[in-house]
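Have a look at the structure below, then the notes.
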Amino acid sequence: MPDIPQNFDLTLVLTAAGATVSAALIASIIEVLKKAPVIGPWVDAKREPGLGVLLSLGLVAYTVAALSLPVDLVSIASYFVAFLGIAALASKAHDLAATATNSPPSS
């Protein structure tokens, strides 16, 4: 049986590998929200890209705040790059999922 980590290193979100996982998580959250009775139709009305951007920004901001990471000009630039990577990958993940399920992408 593989070793299962007992804690989750949230700084992983700010890495290239973490951006990929975070983007897939955000795309999945958006797909689940689209199925929710009240918010689903609102999200499904071409709001997926904007919601992906907001969730990406929220995830990076939460990571920085939760871990009390430094906030200076250099670190802000790296957080911005992480945000851009997550947001772009989440958008692409959603577009690929829409293509695979033969539904139109949200652009």
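The values are calculated or read from the model by the stated rules, or taken from the named source; none is laboratory data. Computed from a predicted structure; not experimentally measured. Don't worry about glycine lacking a Cβ; one is built from the backbone with ideal geometry, like all the others, and counts go over all protein chains shown.
What number of residues within region 7-49 satisfy the criterion of being under 18 Å from Phe80 (Cβ atoms) and buried (at least 19 other Cβ atoms within 10 Å of the Cβ)? Qualifying residue count, region 7-49: 7. Condition first: at pLDDT 90 or above and over 22 Å from Leu10 (Cα atoms). Can you find one or more residues in region 59-74 that meet it? There is no residue in region 59-74 that is at pLDDT 90 or above and over 22 Å from Leu10 (Cα atoms). Look at region 29-57: where a residue is at positive phi and a partner is buried (at least 17 other Cβ atoms within 10 Å of the Cβ) and at pLDDT below 90, sitting 6+ places away or on another chain with Cβ atoms under 8 Å, you get Lys46/Ser106. Considering only residues that are over 18 Å from Asp95 (Cα atoms) and among the small types (Gly, Ala, Ser), which ones fall in region 27-42? Selection gives Ala36 alone. Count of region 22-38 residues, restricted to those that are under 10 Å from Leu55 (Cβ atoms) and of a type in the set (Asp, Glu), is 0.
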